[in-house]
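Student: If you scroll down you'll find the structure; I have some questions about it.
Taken together, the values in this text are just the output of simple stated rules run on the coordinates, not laboratory data. Bear in mind the structure is a predicted one, so any value in this text is a computation, not a measurement. A quick note on method: Cβ atoms are made from the backbone with ideal geometry, for glycine too, and the neighbour counts reach across all protein chains shown.
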């Protein structure tokens, strides 16, 4: 048997070729799979992760918006307008120092105290001035919440009149606080007291903008509603308008 | 002999190649299947999250429209809340002098009077006179009692001086309880 005469190389070549093709196809499949994984699946997975994060943020935004819409839908416009008017009395939008002065004078008259000195701290007048007044006496924590017209008072009175005066100041429809109260006995038998303290009548500018639509809104708390409702109570003294005065003089240097 | 073994060797080689091919094919099929499953799952997730986003966007649009509808009410609420919240804090943080004096006059001994009472955020200073050492003791005891603790704390007697009549001049400092 002469095997060398058989066409073995041809058979071997064909086998090699079919073997190579037979292996190349699955390898090609693997390469394609890897390409699909790298070029399509992996970017999509990254996109999905981003989408999931964005959806979480969007969900919380939607929750905030829905909550806000629910609060707004439940509001009573007329009641709100009344409450805004009351809030404006509690904290006016400008310092309105002369109105406070007038109220202090009126309260002193009705309670029977004798005001020996009234000093309005510089900076309490005008729109921007009150903040200067507030920072000048910035020790009081109330002034960090809202600027105030600061009026320093010295007065003489008996004990009951003093209490009546303090009670009157706290009955202002506008929020007023008293700081550094010093009471000294006059020393005589009349029981007169010399008192000095500072009255801070607060004010607050209107907010300049509403903020974004996503900015949450809060309902009024029960104590805030009660405070607003009390502004109209008869025990409260509403801010007094400054009365008009006669005008026109022949000689501006003549004493009045 | 070498020539006689040629066919079985070729056959063996061919069998090895077949085995290798079948292994590679199997691996390829497995990887392809895995890739296909991954692709389907990925696309399914993507479609799910994309539809979720669409739904959330629609909800946001709806809520925004509702909010815009109540714009004037929102303005009123924001301004009112802004002022009322600050006013409430101010009202709650101010010193209640009427309660302070109301409590003080109830608890102090009868033979004690004050010449000066200064009240500030930093503290209270009392100066005054007491008829006897028992009266000053009664005053300190009153200020540190449960009732006194409602208005003052950290009571310290700074000075106590008696004259020939045994009338005591005192100076006491304390912290205001708010």
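Student: So, R0 is 51 Å and r is the distance between the beta-carbons of residue B:175 and residue B:75; what FRET efficiency does that work out to, to 0.05?
Tutor: Once the sixth-power term is evaluated, E becomes 0.70.
Student: Name the shape class, rounded, prolate or oblate, that the alpha-carbon gyration tensor gives for region B:14-130, where a ≥ b ≥ c are the square roots of its eigenvalues, rounded holds for a/c under 1.5, and otherwise prolate holds if a/b is larger than b/c and oblate otherwise.
Tutor: Verdict is oblate for region B:14-130.
Student: As a footprinting exposure proxy, order A:68, B:59 by other Cβ within 10 Å, with the fewest listed first.
Tutor: B:59, A:68
Student: Determine the distance separating the Cα centre of region A:40-98 from the Cα centre of region A:152-193; give it in Å without decimals.
Tutor: 45 Å
Student: Going by average Cβ neighbours within 10 Å, how do the peptides A:150-157, A:168-175, B:133-140 rank, with the highest at the top?
Tutor: Averaged packing, sorted descending, gives the order A:168-175, A:150-157, B:133-140.
Student: In a Gaussian network model over chain B where Cα atoms closer than 10 Å are linked, find which of B:161, B:24, B:86 has the largest mean-square fluctuation.
Tutor: Maximum fluctuation in the GNM of chain B, among the listed residues, is at B:24.
Student: Compute a Gaussian network model of chain B, connecting alpha carbons closer than 10 Å, and tell me which residue from B:50, B:65, B:33 fluctuates the most.
Tutor: Largest GNM mean-square fluctuation: B:33.
Student: For the residue pair residue B:65 and residue A:119, what label-to-label distance in nm results when each label sits 7 Å from Cα along the Cα-to-beta-carbon direction?
Tutor: 6.4 nm
Student: Just counting partner chain Cβ atoms within 10 Å, what average do the residues of peptide B:128-140 show around their Cβ?
Tutor: Per-residue shielding by partner chains comes out at 0.
Student: What shape does region B:96-178 have by the C-alpha gyration tensor, where a ≥ b ≥ c are the square roots of the eigenvalues, rounded means a/c under 1.5, and otherwise prolate means a/b greater than b/c and oblate the rest?
Tutor: Here region B:96-178 falls in the prolate category.
Student: Rounded if a/c is under 1.5, else prolate if a/b beats b/c, else oblate: with a ≥ b ≥ c from the C-alpha gyration tensor eigenvalues square-rooted, which is the protein assembly as shown?
Tutor: Because a/c hits 1.5 or more and a/b exceeds b/c, the protein assembly as shown counts as prolate.
Student: Additional query: Please give the average number of partner chain Cβ atoms lying within 10 Å of the Cβ of each residue in B:49-58, rounded to a whole number.
Tutor: 4
Student: Region B:7-44 to region B:152-178: how many Å between their Cα centroids?
Tutor: 99 Å
Student: Please compute the modelled spin-label separation between residue A:213 and residue A:39, points set 7 Å along Cα→Cβ, answer in nm with one decimal.
Tutor: 4.1 nm
Student: Need one number: nm distance between label points at residue B:58 and residue A:106, each 7 Å from Cα along Cα→Cβ, rounded to one decimal.
Tutor: Each label point lies 7 Å from its Cα, and together they span 6.0 nm.
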